[in-house]
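To start, the structure itself, in structure tokens.
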Amino acid sequence: MDLTESVWQEANVQVTNYIRGKGWELLIIWAVSFAVFRALGLQFSLLISLFVGLSVIIPYIGVTVMGFVMALIAFIQWGWSGEFASAMIAYAVIQIIDGNLLAPLLLSGVVNLHPVAIVVAILLFGGLWGLWGLFFAIPLATLINAVLKAWFARVEHRGDPA
């Protein structure tokens, strides 16, 4: 099998795993958000939690935009009150757990990348290409990983670096 075919097969498997992992992340965040928002008595909990779940598709940006939406909806419902503060704290805790624990662990498991590599990829590609870089950071990191794995396997098999 030549290098290109090897890279293509590895990248295909890894991107498929990434999409599956993002799907699980989305469902978990949606379910947890719905349970928490429903318990707090937030109106339109199902719809809001769906968008909170969808916000994980674009790291950092989705969370920030949805945070403003969440604040606006909670403010309209409760004004400046303890319920408003509870809803915002709950949203922040959900996002902190997702961003620092769930996403890196879940995605590192499905794409065979170290959690630190995922964070570095998001920061690097997000810094280079903005929103598109954030969106494609992990698939690009898995592609680079596939190329490196195939290249090193070829070098090891042949015994020379060329």
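Of note:
- Qualifying positions in the range 59-72 - assigned to a helix (DSSP H, G or I) and either in contact with a strand residue (DSSP E or B) (Cβ under 6 Å, 6 or more places away or on another chain) or surrounded by fewer than 18 Cβ atoms within 10 Å (Cβ to Cβ) (or both): Ile61, Thr64, Val65, Gly67, Phe68, Val69, Ala71, Leu72
- For Gln95: the one exception among (1) modelled with pLDDT under 85; (2) under 14 Å from Glu25 (Cβ atoms); (3) not basic (Lys, Arg): (1)
- Single match in Gln43, Gln77 (criterion: assigned to a loop (DSSP other than H, G, I, E, B), more than 18 Å from Ile122 (Cβ to Cβ) and either in contact with a His (Cβ under 6 Å, 6 or more places away or on another chain) or polar (S, T, N, Q) (or both)): Gln43
- Criterion violated by Ile144 - all others in (1) within 24 Å of Thr4 (Cβ to Cβ); (2) touching a helix residue (DSSP H, G or I) at 6+ places or on another chain (Cβ under 6 Å) satisfied: (2)
- All of Val119, Val52, Val32 fail the test of being closer than 16 Å to Ala137 by Cβ and in a helix (DSSP H, G or I), apart from Val119.
- One residue from Ser33, Ser49, Ser45, Ser86 being among the hydroxyl-bearing types (Ser, Thr, Tyr), surrounded by 14 or more Cβ atoms within 10 Å (Cβ to Cβ), out of contact with any Gly (no Cβ under 7 Å at 6 or more places or on another chain) and touching a residue at least 40 places away in the same chain (Cβ under 8 Å): Ser86
- Complete set of residues in the range 114-148 that are closer than 22 Å to Asn100 by Cβ, modelled with pLDDT of 85 or more and exposed (fewer than 12 other Cβ atoms within 10 Å of the Cβ): Gly127
- Being surrounded by 12 or more Cβ atoms within 10 Å (Cβ to Cβ), touching an Asp or Glu at 6+ places or on another chain (Cβ under 8 Å), over 21 Å from Ile28 (Cβ atoms) and at pLDDT 80 or above is a condition met by at least one residue of the range 149-157.
The values are calculated or read from the model by the stated rules, or taken from the named source; none is laboratory data. The shown structure was predicted, so the numbers you read here are calculated from the model rather than taken from an experiment. Virtual Cβ from ideal backbone geometry, glycine too; neighbours counted across all protein chains shown.
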